[in-house]
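Student: One structure, pasted below without further comment.
The values are calculated or read from the model by the stated rules, or taken from the named source; none is laboratory data. Quick caveat: nothing in here was measured; it's all calculated off a predicted structure. Note that we place each Cβ from the backbone using ideal geometry, even for glycine, and neighbour counts take in every protein chain shown.
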Amino acid sequence: MFSITAFLSYVFVSTFTPGPNNIMSMSFGSYFGYKKTFNFILGITAGFEVIMLVASYLNMFLLNFIPKIRVFMDILVFIYMIYLAIRILRSKPKTGEDGTDNFNNFFAGMTLQFINPKVLLFGITVTSSFVVPYYNSNTALILFSVILAFSGFLSNSCWALFGALFQKFLNKYRKPVNIFMAMLLVYCAVSIPELRSYFNGIHM
């Protein structure tokens, strides 16, 4: 059964925690202001949309032609979420003070997504665990990819708008924020429906 709480929690943690997109958006926002950073954010959103859509169809192809791969994909997602939780707990404040105007544009924002491991892994994991197992129509896949891309847009907009102010807030309350984010990720990991069903079946 599709868990909207686990889905939204994973999307929130994955898109709003520090990563290349957020750090660069914050950097450009603090250097050039939100208005001049907007095209960069739109580029991120466009690249994000493409990756989410490709990941959805790739996962659907794998599940249709290699059904037994489902449990292995869920285990991979579980391990990745726990790994992210540990990374967040151990993370230190990051800054984005190396931003330059050369990369503050739509094309740079879009192409960054195709070499951004956080976005690539997020696309594979979120679609394999929360989208493809329950929805496989073209309309549903496009809708979810738009929702995921929009969440990325909101995240990067927040980081760009707050800029250095948001960075200072995270640094000041880093430990409790990291603990909260890590707990959300652990919740998401143990809430993967198919994985829980698989292990329940083993113990029966």
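To keep it simple, each residue is scored yes or no on (1) at pLDDT 80 or above; (2) out of contact with any helix residue (DSSP H, G or I) (no Cβ under 8 Å at 6 or more places or on another chain); (3) of a type outside the set (Lys, Arg).
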| site | (1), (2), (3) |
| --- | --- |
| Ile44 | yes, no, yes |
| Val71 | no, no, yes |
| Leu76 | no, no, yes |
| Ile79 | yes, yes, yes |
| Asn105 | yes, no, yes |
| Thr111 | yes, no, yes |
| Phe122 | yes, no, yes |
| Tyr135 | yes, no, yes |
| Asn138 | yes, yes, yes |
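Student: Any chance you could count how many residues in the range 81-93 are outside any loop (DSSP other than H, G, I, E, B), more than 21 Å from Val132 (Cβ to Cβ) and at pLDDT below 75?
Tutor: So the count comes out to 1.
Student: If Gly19 passes every condition in (1) under 26 Å from Val132 (Cβ atoms); (2) buried (at least 24 other Cβ atoms within 10 Å of the Cβ) but one, which one does it miss?
Tutor: Evaluating Gly19 over (1) under 26 Å from Val132 (Cβ atoms); (2) buried (at least 24 other Cβ atoms within 10 Å of the Cβ) leaves (2) as the failure.
Student: Read through the list (1) without any contact (Cβ under 8 Å) to a residue 40 or more places away in the chain; (2) under 14 Å from the mean Cα position of the chain (by Cα), then give the number of the only condition that Ile4 fails.
Tutor: So Ile4 meets the others, but not (2).
Student: Moving on to the next point. Criterion first (out of contact with any helix residue (DSSP H, G or I) (no Cβ under 7 Å at 6 or more places or on another chain), closer than 22 Å to Leu120 by Cβ, surrounded by 17 or more Cβ atoms within 10 Å (Cβ to Cβ) and modelled with pLDDT of 80 or more) does Met60 satisfy it?
Tutor: Against the criterion (out of contact with any helix residue (DSSP H, G or I) (no Cβ under 7 Å at 6 or more places or on another chain), closer than 22 Å to Leu120 by Cβ, surrounded by 17 or more Cβ atoms within 10 Å (Cβ to Cβ) and modelled with pLDDT of 80 or more), Met60 qualifies.
Student: Quick one: Leu148 ticks every box in (1) within 14 Å of the chain's Cα centre (by Cα); (2) buried (at least 19 other Cβ atoms within 10 Å of the Cβ); (3) at pLDDT below 85 bar one, so which box is it?
Tutor: Status for Leu148: all satisfied but (3).
Student: Same structure, new question: Determine which single condition Gly96 fails, assuming it passes every other condition in (1) touching a helix residue (DSSP H, G or I) at 6+ places or on another chain (Cβ under 6 Å); (2) within 18 Å of Leu63 (Cβ to Cβ); (3) at pLDDT below 80; (4) not aliphatic (A, V, I, L, M).
Tutor: Of everything listed in (1) touching a helix residue (DSSP H, G or I) at 6+ places or on another chain (Cβ under 6 Å); (2) within 18 Å of Leu63 (Cβ to Cβ); (3) at pLDDT below 80; (4) not aliphatic (A, V, I, L, M), Gly96 misses just condition (2).
Student: Tell me yes or no: at least one residue of the range 30-42 is touching a Phe, Trp or Tyr at 6+ places or on another chain (Cβ under 7 Å), surrounded by fewer than 24 Cβ atoms within 10 Å (Cβ to Cβ) and either in a helix (DSSP H, G or I) or at pLDDT 90 or above (or both).
Tutor: Yes, the range 30-42 has at least one match.
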